[in-house]
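Contents: one structure, followed by commentary.
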Amino acid sequence: MTYRSRYAQLFGGYGYYNASKPSVELNDTRNWANGRKGKVVWLAQQCDHVNNRYLHWNRTGFVKELSRLVDVGIYGKCGKPPPCPARHDNREGANFVTSCSSFLRRFKFYLSFENSACREYITEKLWNNAYMNNLIPIVFGAPRADYEAVAPPHSFIHVEDFETLQDLADYINLVDRNDRLYNTFFEWKKYGSVVAFSENMAKWLFEPWNMCQVVNRLLADEKSTSEGRPVRQSLPPLTEWWTNSCRRIEGFPIKIQK
């Protein structure tokens, strides 16, 4: 079981988009920006990329540069203490969704910046912290194609779609000012819903989505074996699956200035 869907015998992601179960009615006309006075928020625990084996690029520096151009509320160990119960562990924002939801919903955008820029590595920052609180995620980590493969359509802003930080900031400010444009990022709710999994790994394994995969796989393998067609698993190429699956980010992912 792995989050690398191309090579997974059992897929183990942090969430998924269910295109068969709409979140709202087709005629829903609510303004998703209504009541959200804050612009961008970031909750993070891993801040020092130099002396931290879990953080592989200068994420904190990038957020601080962005905050010169856009109003960004920085909370957690990398900023101010969040005004909500600190029921999280040392991972990125783990369980913030349960303790900080009312606080997060004061904002319009969430910085879903992963620790590492790795293929298909898309964690709770997208699913729990952004989607479950109805914020537009501004994402960086996996390539855009990997986000498009699992996320709701037209639901996020990818940092690498922009040439410079100023271009990114200008677009965030444009979406912030235009409620009609802001609401286009929530049209997907009329056609599907997001399922986010528990951050507790012991509970995560026993989520119905995961257990159904395990049971279905066991039944399929038993059937194949009984028919004289035992399943022979092939291992993925190590270089593609692991060694070359992450990018090293020198400096920032996009230019700060033209």
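The values are calculated or read from the model by the stated rules, or taken from the named source; none is laboratory data. Computed from a predicted structure; not experimentally measured. Note that each Cβ is placed from the backbone with ideal geometry, even for glycine, and that neighbours are counted across all protein chains shown.
Structure data summary
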quantity: Qualifying residue in segment 159-182 (condition: part of a helix (DSSP H, G or I), without any contact (Cβ under 8 Å) to a residue 60 or more places away in the chain and of a type in the set (Phe, Trp, Tyr)); calculated: yes
quantity: Unmet requirement for Asp28, which otherwise passes all of (1) in contact (Cβ under 8 Å) with a residue 40 or more places away in the chain; (2) part of a strand (DSSP E or B); (3) more than 30 Å from Pro237 (Cα to Cα); calculated: (2)
quantity: Condition check for Gly61: surrounded by fewer than 19 Cβ atoms within 10 Å (Cβ to Cβ), touching a residue at least 12 places away in the same chain (Cβ under 8 Å) and not in a helix (DSSP H, G or I); calculated: no
quantity: Verdict on Asn216 being at pLDDT 90 or above and under 18 Å from Ser116 (Cα atoms); calculated: no
quantity: Residues satisfying the stated conditions in segment 17-37, i.e. surrounded by 17 or more Cβ atoms within 10 Å (Cβ to Cβ) and out of contact with any helix residue (DSSP H, G or I) (no Cβ under 6 Å at 6 or more places or on another chain); calculated: Tyr17, Arg36
quantity: Among residues of segment 64-90, those that are in a loop (DSSP other than H, G, I, E, B) and either at pLDDT below 95 or small (Gly, Ala, Ser) (or both), counted; calculated: 14
quantity: Segment 22-47, residues that are of a type outside the set (S, T, N, Q), at pLDDT 95 or above and either within 16 Å of Ala151 (Cβ to Cβ) or touching a strand residue (DSSP E or B) at 6+ places or on another chain (Cβ under 7 Å) (or both); calculated: Pro22, Gly38, Lys39, Val40, Val41, Trp42
quantity: Residue match in segment 185-197 (condition: surrounded by fewer than 16 Cβ atoms within 10 Å (Cβ to Cβ), over 20 Å from the mean Cα position of the chain (by Cα) and not in a helix (DSSP H, G or I)); calculated: no
quantity: Where a residue in segment 218-242 is without any contact (Cβ under 8 Å) to a residue 40 or more places away in the chain and surrounded by 11 or more Cβ atoms within 10 Å (Cβ to Cβ) and its partner, wherever it lies, is β-branched (Val, Ile, Thr) and assigned to a loop (DSSP other than H, G, I, E, B), with Cβ under 6 Å and at least six apart; calculated: Asp221/Val231; Ser224/Val231
quantity: Complete set of residues in segment 38-52 that are in a loop (DSSP other than H, G, I, E, B) and out of contact with any helix residue (DSSP H, G or I) (no Cβ under 7 Å at 6 or more places or on another chain); calculated: Gly38, Gln45, Gln46, Asp48, Val50, Asn51, Asn52
quantity: Positions within segment 103-141 being buried (at least 24 other Cβ atoms within 10 Å of the Cβ), over 12 Å from Arg59 (Cβ atoms) and of a type in the set (Ser, Thr, Tyr), in sequence order; calculated: Tyr110, Tyr131
